[in-house]
Amino acid sequence: MQLIWKNLVPDGPGTVKLKPVEDDDMWHAYNLICPGDTVQATTVRKVLREMASGGRDAERVKLKLEIRVEAVDYDKEGSVLRVRGKNITENEHVKIGQFHTLELELHRPFVISKDIWDSIARDILHQASDPAASADLSVILMQEGLAQLFLIGRSITTVRSRIETSIPRKHGPAIAGYESALKKFFENVLQAWLKHIDFSIVRCVVIASPGFTKDQFRDYLFLEAQRRDLRAVIENKSRIILAHATSGYKHSLKDVLESPNVMNLIKDTKAAQEVRALKDFFTMLSNDSSRACYGPRHVEFANDRMAVETLLITDNLFRNADIAERQRYVHLVESVKDSGGTVHIFSSMHVSGEQLEQLTGIAALLRFPLPELDDLEM
Amino acid sequence: MGTCMVKMPRKVGHAHGYDDDYDDDYDDYYDDYDDSEDAHRSNHDMKGNISSQKLPVAKETARKPIVWSCSICTFDNEESMVVCEICGVFKESFVKSGKEANGIGNDTAAGSMSTMANTQPGKMPVKVAAKEPISADSYEKASMSYERGNTLHSTSTAQKVEIAMLPQEKKLSQPSATLSSNHKLQENLSDTLATTKDSSEVIASSLRQINLDRDRPSASTPISDEQYKPDKWIQLDQDNEALRQLNLAIVGHVDSGKSTLSGRLLHLLGKISKREMHKNEKEAKEKGKGSFAYAWAMDESAEERERGVTMTVAVAYFDSSKYRVVVLDSPGHKDFVPNMISGATQADAAILVVDACIGSFEAGMDGQVPGVAGVGQTKEHAQLVRSFGVDQLIVAINKMDVVGYSKQRYDFIKAQLGVFLRSCGFRDSSVAWVPLSAMENQNLIVPATDARLTSWFQGKCLLEAINSLQPPSRDVSKPLIMPICDVIRTQSMGQVAACGKLETGAIRAGSKVVVMPGCQPATVRSIEQDSNVCSVARAGDNVAVILHGVDSSKLMPGGVICHPDFPVPMAARLELKILVLDVAIPILIGSQVEFHIHHAKEAARIAKIVSLLDQKTGKASKSAPRFLKAKQSAVVEVALDEAVCVQEFSKCKALGRVFLRANGNTVAVGIVTRLIDSVQ
Ligand SMILES: Nc1nc2c(ncn2[C@@H]2O[C@H](COP(=O)(O)OP(=O)(O)O)[C@@H](O)[C@H]2O)c(=O)[nH]1
Ligand SMILES: [Mg+2]
């Protein structure tokens, strides 16, 4: 994200102008823009004109509009943010108070004003404009008959392709059918690979699966690469690594990120930090369950006793349309930080964030045991 | 940074330039909240999708058939069961179970009538026939198409009543001789209590806790299972069949010799031709894997041969003097347990193969990596097959040649494993122990010859042990249910066959069926068993059904072939009663799991932990606990990504048993107690 200019008072009002430059930035913008803020951007609107002849003519006009935000929609497929709200700028085509939807896209600057730039909003701004290396990594997660191709960026994970083929199990003479079905499946995965994997962007490609599917596919890939002279594959063999996954479902992506050889490659990234933090939470829960908790009620209970050492929270809890709810979580984060704790804000666009989101979106590791938690209903 | 923009092709039509020039077509920007309408539309689309999947599922009435309640686990067993389905405890006196099951009197039809009134309020068949002639009619019509020439199907109300009352009468005539087994029960109990001192005891006791809430109201439907009257041909010559089919799962830790044992059995029983065997031997030798020659009879795919590991379930057939045996050789490797589950759900009995070698047996018990806590696949498989409802087990202690046919080793293994099996709910009397060597052909189809073994073992050889298994019960009185394990397409003929085991009911060529999901009607063209055409397949048979008139792309493992009037329900949100196995990481609200049910597998998450169940009483001991730990049993709600064919365990066991897996381990086993959002 390019920060073009900034004029704000911490915990007070202010305005910034930003220009998103990569897919990840759209996600940051999504987290930044809340209902109640105002956003200004260039937009196009169709207007009807009365013609002198009495007929009507529709014309597209380009205008600059500022709206007060009522809702924000994130389209991860197209990297587009749709911001809906009421117009607040005097304009010859759009009345004040009329509804309009701004579509924010890559490389189109916008201006955002908030009444209060709280610590979370300032954090997002800071993170978004931090030019730390992005974690672009491709993972092909597969099991016999199912393959998914993921691209893991700094704060978002996207599914680029999903291949599903029914592969018969073996039954005597049908064994030939099994093997040809498997070949066809691999070919489909290879096609997806050629379409979506660009080694000028990704650091490496991980092929992951339970059992031997990953080895089988890699063998197929290398063989075909030789046969068809696929330079992109041949020249980047060293950047293609294998990892074990317990299944071909998306949630197994965390196994892949946790595996030591992958972790080594991405350890400095946000995705890896999140994976580790969540793993620590589970380890604590298994070993000393009274020193870990989850769910807003339990975490707040622990925080009231100054017990939270590490807070894990997903970004979407701050995106709440209810401002009081957002405040509640902002305060929680600030209070944990004030008492010397660590806070990990998970991107709900990564697997570990998705997993945390399922687990109520909030969890904590505690400084000391709180056995009372067991008597508190979830 | 500018280069990052063109990363990867994007799916949505945003191929416009990224410059600040706005000449593009922006039709979307037409008016206020254009896009909200879009949202509406897509919403609508989604609904459309769902409704197109809507199935005319006949949800059953709360079928509370004649049950007896287990004194230990309070599970409601069917009348015909002598021992509790869940915990294996013997049935108590008829009087007591009668009382528990809605206070039925001890005698006469009055009692039977009151049962009906009690158990099926407002759903008495008489009423159905009288008040809803249409539904009765349509049923009649449909069943006629299912099987013409069925003379029993007249529209007379009187007959309907009779039909419905039939099971009740059966109940009354059930001998109360079980009183005498009370004594046995005591024995059995104290036996279990005395021996299960180890930690796994908890599992046994908690398996017993899994019981069903009898009084939960359930939606009613026009056609319930009770109204099903099997056609005449279904029951014909059921008893004078020459050989009964027995589905035998071969399970056990990786490398214990399952494939070798199955291959060897097939070879000895003449199911593998000399030529084939020679070929296998030669090829195995060439690849430097001489010892795998027999295993190759089962491990047919190139990949499996290469790795020396069974990956999917292999099916083979042989005939013993008593049974036509279907051998389901399952993969032992940890990563392939899901395949093993799919295979073993069809089993009537199982052979648990354990490797007698020093260290190998121990690995099978405690996990592969020494020092790392975990469960070996010997234990995991034993637990799983028991929870599939398999209660007869043959433990084949293999590779006895390696340990010099030592009695001491045999006794040690028997003692160790015996405790564990008991804790899983296997009764001592249903477990047979056979020391053998697949490699040296000792104790397989004839008694052993090696003096080191015969000197102390005079028991049954493997084949005799197989023949001594109790024949599986075959429920043909219920409508057809056949979960699809596998689909075979023959490209050349454009034919499609569904393979699997009939759980209930029967089919023959020409039978009309419906395939779920999708509620697609189809006709049975022919039925094959081990490549031989057969005329009829009944409950318990493992067959390939060649279907006609079905969209073969919609036929998938995990589906179910049903009677056209009794399609099984589909649901994506379920209430389960589960027992948590030895897991390291507790189960939380929101935990992601793989959900396995018959041959279907679906990603799911724990939506709610409703309550914890007390280990002793089986009653809810704590509501909304914050997590579940190993060995606890609980009521939970799961949300599946996609709906699966499922039925409450009380109505259909095969469609109501579930397994939850996470991180490559089975984390819980359980039963379906309620379909929360049954798709109609
Ligand atoms: N010594 C000996 N080796 C055996 C015996 N049975 C199997 N094996 C060997 O054990 C290995 C694993 O056998 P396999 O059938 O593939 O095991 P599976 O993984 O359980 O199917 C092979 O090398 C077999 O030759 C036996 O009775 N004695
Ligand atoms: Mg094998």
Listed residues B:474, B:508, B:427; which is among the charged types (D, E, K, R), within 30 Å of residue B:656 (Cα to Cα) and touching a Lys or Arg at 6+ places or on another chain (Cβ under 8 Å)? B:474
Could you please let me know if residue A:37 is open to solvent by 10 Å² or more (accessible area, probe 1.4 Å) and at pLDDT below 90? no
Considering only residues of region A:80-114 that are of a type in the set (A, V, I, L, M) and farther than 21 Å from residue A:17 by Cβ, which is nearest to the other protein chains (Cβ to nearest Cβ)? A:94
Filtering region A:57-74 for residues that are within 14 Å of another protein chain (Cβ to nearest Cβ) and open to solvent by 50 Å² or more (accessible area, probe 1.4 Å) leaves a count of 7
Of those in region B:242-275 that are among the hydrophobic types (A, V, I, L, M, F, W, C), farther than 23 Å from residue B:388 by Cβ and part of a loop (DSSP other than H, G, I, E, B), the residue farthest from ligand 1 (Cβ to nearest atom) is B:242
Per the list (1) more than 10 Å from chain B (Cβ to nearest Cβ); (2) open to solvent by 40 Å² or more (accessible area, probe 1.4 Å); (3) in a loop (DSSP other than H, G, I, E, B), residue check on residue A:77 breaks on (1)
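Every residue, every condition in (1) out of contact with any Leu (no Cβ under 6 Å at 6 or more places or on another chain); (2) of a type in the set (Gly, Ala, Ser); (3) open to solvent by 10 Å² or more (accessible area, probe 1.4 Å), yes or no:
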position	(1), (2), (3)
A:94	yes, no, no
A:113	yes, yes, yes
A:130	yes, no, yes
A:139	yes, no, no
A:154	yes, no, yes
A:161	no, yes, yes
A:166	yes, yes, yes
Among (1) within 12 Å of ligand 1 (Cβ to nearest atom); (2) open to solvent by less than 20 Å² (accessible area, probe 1.4 Å); (3) at pLDDT below 85; (4) within 14 Å of chain A (Cβ to nearest Cβ), residue B:297 falls short only on (2)
Does at least one position in region B:300-308 carry a residue that is within 12 Å of ligand 1 (Cβ to nearest atom), surrounded by 21 or more Cβ atoms within 10 Å (Cβ to Cβ) and at pLDDT 70 or above? no
Somewhere in region A:365-375, is a residue in contact with a Leu (Cβ under 7 Å, 6 or more places away or on another chain), outside the structural domain of residue A:248 (by the TED database) and open to solvent by less than 50 Å² (accessible area, probe 1.4 Å)? no
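Here is a yes/no grid of residues against (1) assigned to a loop (DSSP other than H, G, I, E, B); (2) under 26 Å from residue B:350 (Cβ atoms); (3) among the acidic types (Asp, Glu):
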position: B:449; (1), (2), (3): yes, no, no
position: B:453; (1), (2), (3): no, yes, no
position: B:458; (1), (2), (3): yes, yes, no
position: B:471; (1), (2), (3): yes, yes, no
position: B:487; (1), (2), (3): no, yes, no
position: B:498; (1), (2), (3): no, yes, no
position: B:521; (1), (2), (3): no, no, no
position: B:526; (1), (2), (3): no, no, no
Select from region B:402-432 the residues that are open to solvent by 40 Å² or more (accessible area, probe 1.4 Å) and either polar (S, T, N, Q) or outside any helix (DSSP H, G or I) (or both) and list them in ascending order. B:402, B:408, B:416, B:427, B:429
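Restricting to region A:199-216, what's the tally of residues that are touching a residue at least 24 places away in the same chain (Cβ under 8 Å) and within 8 Å of chain B (Cβ to nearest Cβ)?
Quick first cut of region A:199-216, residues touching a residue at least 24 places away in the same chain (Cβ under 8 Å) only: A:199, A:201-211, A:213-216.
Next, from what is left, pick out any that are within 8 Å of chain B (Cβ to nearest Cβ): A:201, A:210-211, A:216.
Result for region A:199-216: 4.
Matching residues to (1) in contact with a strand residue (DSSP E or B) (Cβ under 6 Å, 6 or more places away or on another chain); (2) within 11 Å of chain A (Cβ to nearest Cβ); (3) surrounded by fewer than 20 Cβ atoms within 10 Å (Cβ to Cβ); (4) free of Cβ contacts under 8 Å to residues at least 60 places away in the same chain:
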site: B:588; (1), (2), (3), (4): yes, yes, no, yes
site: B:611; (1), (2), (3), (4): yes, yes, yes, yes
site: B:622; (1), (2), (3), (4): yes, yes, yes, yes
site: B:627; (1), (2), (3), (4): yes, yes, no, yes
site: B:633; (1), (2), (3), (4): yes, no, no, no
site: B:644; (1), (2), (3), (4): yes, no, no, no
Flagged in region A:74-104 as charged (D, E, K, R) and either touching a Gly at 6+ places or on another chain (Cβ under 7 Å) or modelled with pLDDT under 90 (or both), in numbering order, are A:75, A:76, A:77, A:86, A:90, A:92, A:95
Go through region A:188-229 residue by residue and tally those that are assigned to a helix (DSSP H, G or I) and either outside the structural domain of residue A:257 (by the TED database) or not aromatic (Phe, Trp, Tyr) (or both). 21
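If you take the residues of region B:551-571 that are assigned to a loop (DSSP other than H, G, I, E, B) and within 14 Å of chain A (Cβ to nearest Cβ), which of them is surrounded by the fewest Cβ atoms within 10 Å (Cβ to Cβ)?
Of region B:551-571, the ones assigned to a loop (DSSP other than H, G, I, E, B) are B:551, B:555-559, B:563-569.
Retained after the next criterion (residues that are within 14 Å of chain A (Cβ to nearest Cβ)): B:551, B:555-559.
Working: B:551: 11, B:555: 22, B:556: 17, B:557: 22, B:558: 21, B:559: 26.
Of everything passing the filter in region B:551-571, B:551 is surrounded by the fewest Cβ atoms within 10 Å (Cβ to Cβ).
The values are calculated or read from the model by the stated rules, or taken from the named source; none is laboratory data. Here the structure is a predicted model, which means the values were calculated and not measured. Counting neighbours? That spans all protein chains shown, and the Cβs are built from the backbone with ideal geometry, glycine included. Heavy atoms of the whole protein, side chains included, go into the accessibility calculation; ligands, DNA and RNA do not. Shrake-Rupley method; radii C 1.70, N 1.55, O 1.52, S 1.80 Å.
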